Amino acid sequence: MASSTAAPRPEPATGTRPHPPATATAPLAAGAAALRLVRGSLSASRGPALRLAWWTMLSAAPALVSGKALALAVDDGFLARSPRTAALYLVLFALCALAGAWAGRQTYPWLAEIVEPLRDRLLGDVVRGTLRRAVAPGARRDGVDAVAVAQLTRQVEVVRDALAGQLMLVWQFVLTVGAVVVGTAVIAPAAVPLVAVPLVLALGVFAVLASVTVRWQHAAFQAEETLAQRAVETVGALRDIVATGTRDHAEGEVLQAVRAHLLASRKLATVAAVRRLVVGLGAHSPLLLVVLTAPALLERGMTPGDVVGVLGYVLTTLEPAVRLMVQGVGASWLRLSVAAQRLAGAARDPGTPPPPAHPLTPDDGSVVVSGVTFAYGPDADPVVDGLELSLAHGEQLAVVGPSGVGKSTTADLLAGMLVPDAGRITLGGVPLDRIARDDLCRARALLPQNPYVFAGTLRENLCQLAPGAPDESVAHTVGELGMDDLVRRLGGLDGRVDPAALSSGERQLVALARVHLSRAALVILDEATRHLDAEAEERIEEAFRRRPGTVVALAHRISLARRADKVLLLDGERAWTGTHDTLLAQVPLYADLVGLWNTGTAGPG
Amino acid sequence: MGQDHRPQPPPGGVHGHGGPTAAGRTPATPRHGPATTVLRLWWPTALALSLAAGSLASLLLPAAVSRAVDRALAGGGAAGAVPLAAVLALLTAAEAAAQYTGPRATAEKTARLRTDLVRHTLAAGPHPVRRTATGDLVARLTAGAAEAGLAGQAVVYAVAQLAMAAAAVAALGLLAPELAAAFLVTAPTGWLLLRRHVRRTVRRGTGYQSAQADVAARLLDALAGSRTVAAAGTVEQEIDRVLRPVPELSLHGRALWDSQRRVAWSTGLLAPATQIAVLAVAGQRLAAGALSTGELVAALGYTMLGLGGFGAAQSLLDLARARAGQARVSEILAAPLAPVGLRELPPGPGRVEIRGVTVRRSGRTVLDRLDLVLPAGSLTALVGSSGSGGSVLAAIAGGLLLPEQGLVLLDGVPLDEIHPAGLRTAVSYAFADPALTGATVLDALTAAARPVPAAAARRAARAAQADPFVRRLPAGYDTPLADAPLSGGQRQRLGLARALARDCRLLVLDDATSSLDTATEASVQRAMDLSHGTRTRLVVTHRTSTAARADAVAWLDRGRVRAVAPHRELWRIPAYRRLFTGTGESTRTAPAHEPVRRDAHPG
């Protein structure tokens, strides 16, 4: 047996991905992905693979010797009334079994040498692909899918277990069957075709059935995933489904997925029944053939012990091996295929956009936006349409507007995370697309609403954008933002930070300090003080005012807009620029927003 | 069977509306008749029969081989092979049947449990007495039901394997008692050794799993901060950080393989050791002439069969898993369901009467013998501090939630007696956080019991101020919901549009304009007055402007209606004013025009 986890048990999918691949993944493509994976891992660890093969071969030795030892024990020992000889052969058989088990034991370190690096590599590929795609331009800003991430790590485990199982099972099967054939040839060459011919036929049938099995396993797998996905959607929207009177329809859709899984399972049961015939053909028909031809074999000089030996091979070695092959290999291969394909998708690298041909470095934090237009699709109405804006270095701009009007989109455009469909944005006099990626990351900082704090020391977190910043600078920032208490509570700058143990406000403070400490000439705060109280917010605002550089703040409180040098008001149709007072006097929507803010019923999202 | 054990509503609401209460409903949970019981047991029984036949054949096989070998060695020709062929044919047929009936039994049971779970969950409605988290529920539906489905198969297999092992040992004993003794000494010893190693492997697995979880948690953190990472250009550092626990994972992984190596070592010794012990004894008997050569081969075969008995341990483990799964499924199915209404709703103006309604949730009384009447065609605002039960009352008013006690009547008919399709056509809901269903934006707007024309949906979208941003989506109204980057406010407006797209008798807005700025909200309300101005409306709100527009305000306080009166009259009461301002000092009714004060944001 390989690993206990490689047992061929169909495992129900417990989680779901809200956006699975739209089209059904073909089992053939999945098989190809698995083959690539096996080939890749074997060629990457050639040495361990050879050693694994060697020890597996030795572990098949008892299978080779068992029949012969049995034959000799019967003929020369028991039947010759020589218990000593019999005992000797049995001890020989025992020693062989011991040696075989020991050799089997030696296979594990080499199996680990193949499988463990593969797991590490897969995990690395998946993490790299997932993260690079998450930060690629145009990636969805919302929604981290915890279930999908959990599933990815589970798929990596499936590959680890299933690959190990395949390596052990297939190899063991080949060697065991080889041992039986060779052993039979040694005892009774005439009996070899009796064993080998049915076996080859059986393997042919098995190969044909395997593809059918994989197809239906795949269907069952997918039906279950569809079921989970529909169930998540339906239960999540149950109130609305009942309220709109579409319950029967929703129930029908989920039950349809239940039914699809049932149908696939029935087909699988049929295939399993047919597959059982392979055992009959491969292991039982040789038994019958040997018995039928035994008189003839005896006439040709075979001893009774030889007959017992051949039957011993067939009954105790060949039959279990064929059963294991028939029941284990198919299911485990399928699991490997499906997981390999999923992982190949997750590891996909989006690639990086080419750097600008003649890069320039921005001089300062001044910003000029001229005629910028952006839409999320070719047929979509623009979210930002002909935006004009100009900010001198050191100015503070507040961006306000009703919910969903495109404030975050504007922030992404200013930060160069989205590329406008038309128009131009310059930072420090240089168009954004002429600034090299690294320079741009140094020149401006964007702080989103959901602050990112990672597990590590506080210093690592604070100095992420300014590696190696001296302690004085860090202390200055900590003092400026009023986070001394937090630093003390975490045990100083070298204290460990557990993101989950911090409140939203504390996480925002850490993220704000990170940006404050950076050299960025343009700082864009996308509601970055949402979880802080008004006093802390004002303090931070002033700290950023004292810090050299331009600040663009997406406002969620009126106080921010009141104190800003300039206010940009978006209403979805057009944009106004002015100060708090001029906008209040001239634009009714602004007055309306101010009123809304004051009632405190809702902050514009 | 048709007994209704729910507390009976007060008699007043039922008289004169056609028959006793129970007559208008049917029990929601179908009971399974004798026919379904036969169907349920059919596949497990078939499995048991095929396994029994297979076991019989397996037990006969060594004997048949033995007879055939002895006849052949004695020069008796091929005649001895006939019983052997018959046994092999029976074995193959029986095992093939078992291969079919086992998975079939599991599949049928799983599907049945899943169907019951889905029906039950949907029938329990959006406010079940016992709430289960979505992820948990889906896990029960997929993994739980699949495991529970194994039950029949696992029981039959465990019994069959144990019986078979016992029979094999007995057969050894029949050949020679010493053979059975040799088996019984060797095999259990090896088995105990194996068990010890398996347990250790399981223990070591936990270190591996925690390292694995560490990587997943770091990846999730980094993904949640992807916008920060993207802006800072630090993705490569993040990748390193996420992968930092990998060496430790490797270490644990190798330790795990090491444990498995010990398990394999024990397994590798168990079978040969037993075989050799039995063979040695059998050889002795053969030498003594007490056993034939064929019987020696038979002894070998029975030894293998006896070792197969340890497979029952796996079946028993499966059975334990199946029972756990069954328990998880039953927990959901055990919750009682309300009966389904059958009555047609007669035409009426849309008068709603709520009488003595009590709702309890997790030990707390949310609504306490509450009475409220919504006059036909009126606009009632429901106002209260957060957590005072406004949303629950809104759910009660339209029959989304049935009260434990009390009665809700729509035009004189108790809501729980009305046929669901009729009730859902009569009542329209919009929520603060609507869940949109269907494939596209248009599907989400037209979701209804009776079809809503696309034109009505577009008209409603314009009324709800959703049309402009929908047209800005990649494919407008035909944009798949999954591809539509919607903010909370946009979602809310689509939810409103969905409610406004259909004609109804009662319109319930549960804080459904909370994310709209006051200007947008005012235009939505003007449009709503035009399309639904003559309908009965119930609006849960936290805004004075909305309360001021209502015909009457129902002030909800600690589960009861404290007062029903126009907003301007209630405004004189300081406690009422505090609901809106948080201070009770302001005397202005329209905060939108108040002078701007700094830090007036109370949240």
Points 7 angstrom from Cα along the Cβ direction at B:Ala455 and B:Glu236: gap in nanometres? 6.1 nm
Along each principal axis, Cα extent of region A:350-479, largest first, Å: 50, 39, 36
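Starting from 0.36 nm per residue, how many nanometres of slack lie between B:Ile573 and B:Ala327 once their C-alpha separation is accounted for? Before the final figure, lay out each step's value.
Values: separation 246, 0.36 × 246 = 88.56 nm, distance 5.36 nm.
Difference between extended and current length: 83.2 nm.
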Using a Förster distance of 41 angstrom, determine the FRET efficiency expected from the C-beta separation of B:Ala376 and A:Arg574, and round it to 0.05. 0.40
Multiplying the sequence separation of A:Asp498 and A:Asp381 by 0.36 nm and subtracting their Cα-Cα distance, what value in nm do you get? 37.9 nm
If you build the convex hull over the alpha carbons only and average its shadow over all orientations, what do you get for the protein assembly as shown? Give it in nm² to one decimal. 52.0 nm²
Per DSSP helix of 4 or more residues, -39500 (n - 2.57); summed, then divided by the residues of chain B. What does that give at 222 nm, rounded to the nearest 500? -19500 deg cm²/dmol
Got a sec? How would A:Asp494, A:Asp565 order by Cβ neighbour count within 10 Å, fewest to most? A:Asp494, A:Asp565
Please identify which residues in region B:426-468 have an amide N closer than 13 Å to a label point set 7 Å out from the Cα of B:Ser531, following the Cα→Cβ vector. B:428-430, B:445-447, B:452-468
Computed for region A:367-599: size of charge dipole around the Cα centre, +1 on C-beta of each Lys and Arg, -1 on C-beta of each Asp and Glu, debye to nearest 20, value 460 debye
Taking only the alpha carbons of chain B, what extent do you get along each of the three principal axes, in Å, biggest first? 113, 70, 45
Where the Cα pairs of region B:345-592 fall when distances are cut into 10 Å bins, in %: 7, 31, 35, 21, 5, 0
Using bins 10 angstrom wide from zero, how does P(r) for region B:281-333 break down, in % of all Cα pairs? 22, 24, 17, 15, 12, 8, 2
Of the options B:Gly205, B:Val246, B:Ala187, report the single residue whose Cα projects farthest towards the positive end of the charge dipole of region B:183-254 (beta-carbon charges: Lys, Arg +1; Asp, Glu -1). B:Ala187
Note on region A:207-253: C-alpha Rg/Rh, Kirkwood Rh, two decimals, gives 1.29
Shape call for region B:318-378 from the C-alpha gyration tensor, a ≥ b ≥ c root eigenvalues: rounded (a/c under 1.5), prolate (a/b greater than b/c) or oblate? oblate
Nearest-0.05 FRET efficiency for A:Glu299 and B:Ala79 at R0 = 22 Å, using Cβ-Cβ distance, is 0.85
When the chain is fully extended, how far beyond the present Cα-Cα distance does B:Asp136 get from B:Thr365, taking 0.36 nm per residue of separation? 79.8 nm
According to the square roots a ≥ b ≥ c of the eigenvalues of the Cα gyration tensor, what is the shape class of region A:245-356, taking rounded for a/c under 1.5, prolate for a/b larger than b/c otherwise, and oblate for the remainder? oblate
Only four residue types carry charge here, +1 at the Cβ of Lys and Arg and -1 at the Cβ of Asp and Glu. Report the dipole size of the protein assembly as shown about the Cα centre in Debye, rounded to the nearest 20. 2300 debye
In deg cm²/dmol and to the nearest 500, what is the mean residue ellipticity at 222 nm of chain A if only DSSP H runs of at least 4 residues count, each as -39500 (n - 2.57), divided by the residue total? -20000 deg cm²/dmol
Can you order the peptides B:139-145, A:204-210, B:326-332 by their average number of other Cβ atoms within 10 Å per residue, highest first? B:139-145, B:326-332, A:204-210
Chain B, dipole about Cα centre (Lys/Arg Cβ +1, Asp/Glu Cβ -1), debye to the nearest 20: 820 debye
Gyration tensor verdict on region B:177-290 (Cα atoms; rounded if a/c is under 1.5, prolate if a/b is larger than b/c, oblate otherwise): prolate
Give the residues of region B:86-107 whose amide nitrogen is closer than 17 Å to a point set 7 Å from the Cα of B:Leu49 in the direction of its Cβ. B:90-106
Please list, in order, the residues from region B:37-72 whose amide nitrogen is less than 18 Å from a point placed 7 Å along the Cα→Cβ vector of B:Ala163. B:41-61
Hydrodynamic radius (Kirkwood) for chain A, which is based on Cα pairs only, to one decimal in Å: 30.2 Å
Evaluate the distance, in nm, between pseudo-label points positioned 7 Å from the Cα of B:Val185 and of B:Ala255 along their respective Cα→Cβ axes. 3.9 nm
Would you be so kind as to identify which of B:Thr303, B:Ala158, B:Ala57 lies farthest towards the positive end of the dipole of chain B, taking Lys and Arg as +1 and Asp and Glu as -1 on Cβ and the Cα centre as origin? B:Ala158
Could you tell me what fraction of 2.2 N^0.38 Å the Cα radius of gyration of region B:190-249 comes to, as a two-decimal ratio? 1.72
Estimated distance in nm for a label pair at B:Leu337 and A:Thr361, the labels positioned 7 Å out from Cα along Cα-to-Cβ: 7.1 nm
Have a look at A:Ile114, B:Leu494, A:Val278 and report the one farthest towards the positive end of the charge dipole of the protein assembly as shown, computed about the Cα centre with Cβ charges (Lys/Arg +1, Asp/Glu -1). A:Val278
Dividing the alpha-carbon Rg of region A:367-599 by 2.2 N^0.38 Å yields what? 1.03
Starting from the Cα of A:Lys566, draw a straight line to each of the lysines and keep only those under 17 Å, dropping any in the same chain fewer than 8 residues away. A:Lys407
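FYI, it's all coordinate maths here, none of it is from the lab. Note that the structure is a prediction, hence the values are computed from the model and not measured. So basically every Cβ, Gly included, is an ideal-geometry build from the backbone, and we count neighbours across all protein chains shown.
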